[in-house]
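Data block below; observations after.
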Amino acid sequence: GFDAVTLIHVGMNLPDKHRLCREAARVLKPGGRFVAFDPNRANPFMWLYRVKASPFYSSVGVPENEQPVSARAVAATFAGAGFKTGTEYLSNLRYQYVASSRVRWLLPIYNAIDSAVFAPGFMAPFRSFVLTYGEKP
């Protein structure tokens, strides 16, 4: 088996998250680790721009199944596949480009808000990205 699996924006694009977690468990050797990095559904900007229920949703450059993730749901799904899991939240990863020209001009404003508003610890669950990590027993 493998020592590690890295999943960057994979969980947000696959319709069957349980299958993804089972496959990670299958290919990792005991003690193997995974890390998954996805946009955070709890972040207001990610919700506005990337959740289909939002009036500001843009499908430009978006794969069919793409949706930001719930940190709690991702951790629970990996735990259900037998992993010991943890979660971190990241922000201030300066966007340089988005596909939609309608909102591209807002990036400097978004980046400023993202670095200031989500910096305090109590705002961590609302940061832009979810980093889920874990170990196979």
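The values are calculated or read from the model by the stated rules, or taken from the named source; none is laboratory data. Everything numeric in this text was worked out from a predicted model, so none of it was measured. Note that each Cβ is placed from the backbone with ideal geometry, even for glycine, and that neighbours are counted across all protein chains shown. For accessibility, only protein heavy atoms count, side chains too; no ligands or nucleic acids. Shrake-Rupley method; radii C 1.70, N 1.55, O 1.52, S 1.80 Å.
Projecting the Cα atoms of ALA81, GLY32, PRO15 onto the charge dipole of region 1-136 (Cβ charges, centred on the Cα centre) puts ALA81 farthest toward the positive pole.
The phi torsions of region 98-103, fed into the Karplus equation with coefficients 6.51, -1.76 and 1.60 and a -60° offset, translate into couplings of 9, 5, 6, 5, 4, 10 Hz, rounded to whole numbers, with Gly and Pro shown as x.
Taking amide hydrogens as placed 1.01 Å from N in the peptide plane, the amide H of LEU7 sits under 5 Å from those of VAL35, ALA36, PHE37, each at least 5 positions away in sequence or on another chain.
Reducing region 65-136 and region 2-45 to their Cα centroids gives an inter-centroid distance of 14 Å. Backbone geometry of region 125-137 corresponds, through the Karplus equation with coefficients 6.51, -1.76 and 1.60 at θ = phi - 60°, to 3J(HN,Hα) couplings of x, 10, 5, 5, 10, 10, 10, 9, 9, x, 9, 7, x Hz, x marking Gly and Pro.
Each distinct pair of alpha carbons in the chain adds a 1/r term; the inverse of their mean, the Kirkwood radius, is 15.7 Å. Each Lys and Arg adds +1 at its Cβ and each Asp and Glu adds -1 at its Cβ; summed about the Cα centre, the chain shows a dipole of about 120 debye. By DSSP, the beta bridges lying fully in the chain are antiparallel in about 65 percent of cases. Among 111-122, 84-95, sorting by the average number of other beta carbon atoms lying within 10 angstrom of each residue, highest first, gives 84-95, 111-122. By accessible area, using a 1.4 Å probe on protein heavy atoms only, the chain has 62% of its surface on carbon and sulfur. Note that the chain presents 57 Å² accessible area per residue, ligands and nucleic acids not counted, probe 1.4 Å. With the highest mean first, a sort of the peptides 7-19, 41-53 on other beta-carbon atoms found within 10 angstrom per residue produces 41-53, 7-19. Amide H neighbours of PHE2 under 5 Å, at least 5 residues apart or on other chains, H built in the peptide plane: list them. Those lying under 5 Å, H to H, from PHE2 are LEU28, LYS29.
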